[in-house]
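Accompanying notes for the structure given below.
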Amino acid sequence: MLTSKQRAQLRRLANPLAVTLHIGKEGVTEGVTSQLEVLLENHELVKGKVLESAFATPKEVAQALCEQTGADGVQVIGTKFVLYRPSSDPDKRKIVLEN
């Protein structure tokens, strides 16, 4: 669980990030989940976008992805969302959270 201070830090880090995960009309599929797993392992912080053709809201999509991957939801604004999960390999971790 992230504190408000850590969430603010992650929001600052996510601001310049490009969208790397797109959710289309199929919604949250097994392929999307496996792609997110790879992105989280390599980058720890992932920005996603829910396209207008999707039948789910960005909040629902972010919540479903968090449940499936064990990630923490950082924020949802408009059609975009940000997820965070530290890398399972301590040597690959790039983000050090504030206490």
* **Subset of the range 58-94 (residues that are within 20 Å of A18 (Cα to Cα) and more than 9 Å from the chain's Cα centre (by Cα))** => P58, K59, V61, V76, I77, G78, T79, K80, P86, S87, R93, K94
* Asked: Among all residue pairs at least 6 apart or on different chains, which show Cβ distances below 6 Å where the first residue, located in the range 68-88, is of a type in the set (F, W, Y) and the second is open to solvent by less than 60 Å² (accessible area, probe 1.4 Å)?
  -> F81/G48; F81/P58; F81/A62; Y84/L10; Y84/L45; Y84/D72; Y84/V74
* Within the range 41-58, how many residues are within 29 Å of V96 (Cβ to Cβ) and touching a Pro at 6+ places or on another chain (Cβ under 9 Å)? -> 3
* To do: Would you point out which residue out of V50, V76, V38, V32 is modelled with pLDDT of 95 or more, touching a helix residue (DSSP H, G or I) at 6+ places or on another chain (Cβ under 8 Å), open to solvent by 60 Å² or more (accessible area, probe 1.4 Å) and of a type in the set (A, V, I, L, M, F, W, C)?
  => V76
* Structure fact -> Per the list (1) touching a residue at least 24 places away in the same chain (Cβ under 8 Å); (2) part of a helix (DSSP H, G or I); (3) crowded, with 17+ Cβ neighbours inside 10 Å, residue check on A62 breaks on (1)
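The values are calculated or read from the model by the stated rules, or taken from the named source; none is laboratory data. Just so you know, these numbers come straight off a predicted model, no measurement behind them. Here the Cβ is made from the backbone with ideal geometry for all residues, glycine too, and neighbour counts use every protein chain on show. When the accessible area is computed, the model is the full protein with side chains, heavy atoms only, and any ligands, DNA or RNA have been set aside. Shrake-Rupley method; radii C 1.70, N 1.55, O 1.52, S 1.80 Å.
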